[in-house]
């Protein structure tokens, strides 16, 4: 018999866990995006060894399971003097994992910026910093937002792995609940609901953001040219 | 705040400046691998002159134009703008100019592109004001006011708040021209400015260019508009396979040139444009 009262009884613990999940996810996404952006920029430099190193990093991260990376960081870290708290390791691990994917998303976005828009800025004497901030990044946002939101949704679900290194996030709390009550079905149901809720919020926000950054891309209206021509000639 | 005069056109001539040509191209060559796209080009553009580069596609006109502001790197020879070597230091052996020096050089040279290249996430006004803020260091209000005057000059004051996607090709190109003249360049480069336009929109852009020429702007124009070249240009250079095959006044090139390739090019042009 389904005992939803259990979810209420464990409510505070679950909400705390949910909070930790959101914290790890948010901080992990932020680190991943910042690091991914920096990696993408460094990869544009005409320094071959640097490019190889970054490529190797991305290949290794993408080619190995997140679980193993996290173990290496948390359990293997101390052997090279890197002692991290579980939550810190979880956030950092998530950030490193995400950075490889974000770097690739940003690289695609960077390459998709029309060359002419950059040349126009160069020909006006704008510096690379200005061009990056004012021309390239806004253009990149337009083409990469769907992929960024997608990656963020994937990362919400990767947070469950953090429970394995004892980060007290939602999965961890849920497992505790299951172990104490043997209410496996309720636990799994509750968990699905929480993650679904999070992903739903992320994708809704993503759609809004997408609408916002692409609002200028409405198609040219048929009006305009004829009247304006007259003005120009007048 | 930087002071900005009402007009974007530099003084028509100054006694000291007249001696140095606006653009001086000497023995310029460029190769893409084994393909020689520019061979031994010599060309002088004086102050307030309009020089049109014409010729078949692939003849190197656009490449030559893009070498003038170093969007394209030339390998041999030298290009000077107001006496300053473009893209390289004066040392021997010459080295590439630092980014900062290159920017200083480029801010006096405006370029108008075939594909307009407006920034789609900025309104017409923001497009024009951007470099005033980023390059000239003007404050935002002053830049916006100046940008508005420039849009007015190309007849688009009413479209200041429109995004490029809402503008016709002709309007976009006029915004692009406003964006350039706002910087008060000494020299303007036009890379087939009307080639991407519907035929009925070509006229409005050419009119703006005529006005600029009449105001004394020095212009180098790559174009397929022979009418514009014939009526507005002071000099016409006909390029063929990376060389200047004919050079002179429009009359000399269009009517006096014995060069068979010029004849053939004009013949083809007339056939394509008659119906």
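None of the figures in this text is laboratory data; all of them are computed from the coordinates on show. Small disclaimer: the values here were computed from a predicted structure and weren't measured. Backbone-built Cβ (ideal geometry, glycine too); neighbour counts: all protein chains shown.
Take each residue of peptide B:200-207, count the partner chain Cβ atoms within 10 Å of its Cβ, and average: the result is 3. Each residue in B:190, A:18 was given a count of other beta-carbon atoms within 10 angstrom of its own, and listing them fewest first yields A:18, B:190. Every helix of 4 or more DSSP H residues in the protein assembly as shown counts as -39500 (n - 2.57), and over all residues that averages to -17000 deg cm²/dmol at 222 nm. Of the residues A:29, B:52, the one with the fewest other Cβ atoms within 10 Å heads the list, and the complete ranking is A:29, B:52. Relative to one another, the C-alpha centroids of region B:189-255 and region B:85-112 are positioned 26 Å apart. Computed from Cα positions, the angle between helix A:48-63 and the longest principal axis of chain A comes to roughly 40 degrees.
When DSSP beta bridges are limited to those with both residues in the protein assembly as shown, what percentage is antiparallel, rounded to the nearest 5? Antiparallel: roughly 55 percent of the beta bridges in the protein assembly as shown. Listing B:100, A:51 from fewest to most neighbouring C-beta atoms within 10 Å gives B:100, A:51. One Cα centroid belongs to region A:149-173, the other to region A:63-126; the line between them spans 17 Å.
Annotation for region B:20-84 versus region A:31-47: alpha-carbon center distance of 36 Å. Principal-axis analysis of the Cα atoms of chain A puts helix A:137-158 at an angle of about 10° to the longest axis. Taking the square roots of five times each eigenvalue of the Cα gyration tensor of region A:137-192, the equivalent ellipsoid has semi-axes of 34, 12, 6 Å, listed largest first. Among A:21, A:156, A:64, which one shows the biggest mean-square fluctuation in a GNM of chain A, springs joining Cα atoms closer than 10 Å? For chain A, modelled as a Gaussian network with Cα springs under 10 Å, the answer is A:64.
Diffusion of region B:28-179 by Stokes-Einstein, at 20 °C in a medium of 1.002 mPa s and with Rh set to the Kirkwood radius over alpha-carbon pairs, works out to 123 µm²/s.
Principal semi-axes of the equivalent ellipsoid, √(5λ) from the alpha carbon gyration tensor of the protein assembly as shown, are 58, 26, 20 Å from largest down.
Mind ranking B:216-228, A:139-151, A:72-84 by how tightly packed they are, going by the mean number of other C-beta atoms within 10 angstrom, highest first? Working shown, then result.
Values: B:216-228: 21.8, A:139-151: 18.8, A:72-84: 12.8.
Result, highest mean Cβ count within 10 Å first: B:216-228, A:139-151, A:72-84.
By the Stokes-Einstein formula, at 1.567 mPa s and 4 °C, chain B with its Kirkwood radius over alpha-carbon pairs has D equal to 67 µm²/s. Taking only the alpha carbons of region B:107-263, we obtain Rg and Dmax values of 16.9, 56 Å in that order.
Relative to the longest principal axis of the Cα atoms of chain A, the long axis of helix A:184-213 makes an angle of roughly 10 degrees. For chain B, DSSP calls about 55 percent of its internal beta bridges antiparallel. Treating each Cα of region A:4-233 as an identical point scatterer and summing with the Debye formula, the log10 of I(q)/I(0) at q = 0.11 Å⁻¹ comes to -0.70.
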